[in-house]
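Input: a single structure, listed below in structure tokens.
The values are calculated or read from the model by the stated rules, or taken from the named source; none is laboratory data. Since we're looking at a predicted model, the values are computed, not measured. As a convention, Cβ positions derive from the backbone with ideal geometry for all residues, glycine included, and neighbour counts pool all protein chains shown. Only protein heavy atoms, including side chains, enter the accessible area calculation; ligands, DNA and RNA are left aside. Shrake-Rupley method; radii C 1.70, N 1.55, O 1.52, S 1.80 Å.
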Amino acid sequence: MLSRSSFTSLVVGVFAVYVAHTCWVMYGIVCTRPCPAAAGGDGGGAAGCVWPYLARRPRLQLSVYTTTRSNIGAESNTDLVLNVEDFDIDSKFERTVNVSVPKKTRNNGTLYAYIFLHHAGILPWHDSKQVHIVSPLTMYMVPKPEEINLLTGESTTQQIEAEKQTSALDEPVSHWRSRLTLNIMVEDFVFDGSSLPADVHRYMKMVQLGKTVHYLPILFIDQLSNRVKDLMVINRSTTELPLTVSYDKISLGKLRFWIHMQDAVYSLQQFGFSEKDADEVKGIFVDTNLYFLALTFFVAAFHLLFDFLAFKNDISFWKKKRSMIGMSTKAVLWRCFSTVVIFLFLLDEQTSLLVLIPAGIGAVIELWKVKKALKMTIKWQGLRPKIQFGTYNDSEKKTEEYDTQAMKYLSYLLYPLCIGGACYSLLNVKYKSWYSWLINSFVNGVYAFGFLFMLPQLFVNYKMKSVAHLPWKAFTYKAFNTFIDDIFAFIITMPTSHRLACFRDDVVFLVYLYQRWLYPVDKSRVNEYGESYEEKPKKKKLIE
């Protein structure tokens, strides 16, 4: 069996190998090896190389068509919505056009955009060297539930007609994507024909010109820029909708990176992540620059490591705990209640699984810790469970007295504030349901005043003049994660109250650190496992 230190070292080692491997893979994506035979050449017949057609500087034209068909073979049944003659691939632009919405699309159908890059003055259907790409301009989503005042029934906004005509609120309806972001790889990069990158290869179209093989311009649609916040429900009475078409050139390294990120988001959806969860991941990539994105990756990796180590040490601490001396039982109960309430709140708000899953795991652990703190045992009498509680010794009863005294003082302040806040929100804030109001009221109390319920443990530490009974290893890992959460609070979309709670925990931990300095560990005191350093069992002598 591996010791705890060996297991931790193994986990850290695996983590280091994973980070190093990821960095190597990312380097291979961003830095592509060019064709060796093209070194110093001018594009004339280097064997095995694939040359860029854009190096010939052809006159190009950009055309955007819309149609209800996913495959088209001619100009029929298409509408030209944007035509850019003498298209300059090095100049970025953004234009907003009005798109005619067919009746089929208004009746919960789909509309596609066909983007063609072809020679100027020639229709794309008559150009053998044209490249095109297809993107849906609509997607199906369940409309967001309307929020109302629970007392008056007044809605925030009038429910749109499309939602009124939907037989059930949980039925998906067609939404309009108001943005279309185009990119063209403009580098005069010469690929090695024997080792074309698989990610770029599926976007490439080859042509034979004389003795050399050329690849036509690589046209790419940035799907990561399509955010849920930009979607609009298609009203059946609407005949035109705005579409913002933006273009910018892209380097080969960023193109390959973006392709991999889009594939990763698609994989998340295949594994059961919702569109909202995928949208949160998109926001991390789109709303931050590449350098900050790299920092985010390392921060996220260390966050996962510290999360695992904190859970491991916390479970190990409570698994071995036999005494509640110096531990605030009410703080454990409150921490369990607040963790469960926060999990239900995040679930009600449909928060990203990146935040929801760790919160759910934490709630399960807190419930188990309550069972240990109350010395609770469950015995089954047939199909009916019977719950029994253990007894406390004199030292534990003394701790309980300090705990009760601290909670008595806190109750005079907290209960009126929580009740007053719940009544205020009922009168002035709109919610989806009574359940939503109840969960929001609980969680606002937890976020606003929950850190005060950690004060009983600080009070017990003050009365006992000791902190030796606390799980400091788990505290250390949680402290690192607390400061990492401060960074994530600005990256991942989450409720504002949850974001502020991340900074609130910093203050509490600093107080714990102050007590750690103020009350150095006395080896004659009982430690976190209910035993003192001076009373450790002696080692048995080996029989020779």
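One table, with the values for the structure above:
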| quantity | calculated |
| --- | --- |
| Tabulated pairs, segment 308-323, first within 22 Å of D394 (Cα to Cα), second open to solvent by 20 Å² or more (accessible area, probe 1.4 Å) and in a helix (DSSP H, G or I), C-beta under 6 angstrom, 6+ apart or interchain | W318/K372 |
| Conditions (1) open to solvent by 40 Å² or more (accessible area, probe 1.4 Å); (2) at pLDDT below 75: number failed by I325 | (1) |
| Leading residue by the ranking (most open to solvent (accessible area, probe 1.4 Å)) among those in segment 209-224 that are farther than 27 Å from V64 by Cα and modelled with pLDDT under 90 | K211 |
| Hits in segment 115-145 - residues which are at pLDDT below 85 and open to solvent by less than 60 Å² (accessible area, probe 1.4 Å) | M141, P143, P145 |
| Residue check for M261: under 14 Å from S178 (Cβ atoms) and open to solvent by 20 Å² or more (accessible area, probe 1.4 Å) | no |
| Matching residues in segment 289-322 - criterion: being open to solvent by 50 Å² or more (accessible area, probe 1.4 Å) and among the aromatic types (F, W, Y) | Y291, F292, F297, F298, F302, F308, F311 |
| When residues of segment 387-421 are limited to those that are closer than 13 Å to K330 by Cα and β-branched (V, I, T), the one surrounded by the fewest Cβ atoms within 10 Å (Cβ to Cβ) | T404 |
| Residue list for segment 173-196, filter: aromatic (F, W, Y) and under 24 Å from V50 (Cα atoms) | F189, F191 |
| Test: residue in segment 267-281 that is touching a strand residue (DSSP E or B) at 6+ places or on another chain (Cβ under 8 Å) and within 22 Å of F116 (Cβ to Cβ) | no |
| Subset of segment 185-208 that is under 34 Å from the mean Cα position of the chain (by Cα) and among the acidic types (D, E) - its residue that is most open to solvent (accessible area, probe 1.4 Å) | E187 |
| Qualifying residue in segment 435-447 (condition: modelled with pLDDT under 75, of a type in the set (A, V, I, L, M), touching a Lys or Arg at 6+ places or on another chain (Cβ under 6 Å) and under 20 Å from D403 (Cβ atoms)) | no |
| Filter result (modelled with pLDDT of 85 or more and touching a strand residue (DSSP E or B) at 6+ places or on another chain (Cβ under 6 Å)) within segment 18-57 | C35, V50, W51, Y53 |
| Residue selected from segment 225-249 under the condition farther than 22 Å from V84 by Cβ and charged (D, E, K, R), by the criterion least open to solvent (accessible area, probe 1.4 Å) | R227 |
| Close pairs from segment 122-140: first under 17 Å from N77 (Cα atoms), partner open to solvent by 60 Å² or more (accessible area, probe 1.4 Å) and part of a strand (DSSP E or B), Cβ under 8 Å, at least 6 apart | P124/H132 |
| Qualifying residue in segment 382-403 (condition: hydrophobic (A, V, I, L, M, F, W, C), under 30 Å from K465 (Cα atoms) and assigned to a helix (DSSP H, G or I)) | no |
| Conditions (1) open to solvent by 50 Å² or more (accessible area, probe 1.4 Å); (2) more than 20 Å from T181 (Cβ to Cβ): number failed by E94 | (2) |
| Flag for V11 being within 40 Å of the chain's Cα centre (by Cα), at pLDDT below 80 and either of a type in the set (D, E) or surrounded by 10 or more Cβ atoms within 10 Å (Cβ to Cβ) (or both) | yes |
| Segment 193-208, subset in a loop (DSSP other than H, G, I, E, B) and among the hydrophobic types (A, V, I, L, M, F, W, C), residue modelled with the highest pLDDT | M204 |
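Every residue, every condition in (1) of a type in the set (D, E, K, R); (2) assigned by the TED database to the domain that holds D277; (3) more than 28 Å from F459 (Cβ to Cβ), yes or no:
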{"residue": "F345", "(1), (2), (3)": "no, no, no"}
{"residue": "D348", "(1), (2), (3)": "yes, no, yes"}
{"residue": "P358", "(1), (2), (3)": "no, no, yes"}
{"residue": "A363", "(1), (2), (3)": "no, no, no"}
{"residue": "L383", "(1), (2), (3)": "no, no, yes"}
{"residue": "K408", "(1), (2), (3)": "yes, no, no"}
{"residue": "Y412", "(1), (2), (3)": "no, no, no"}
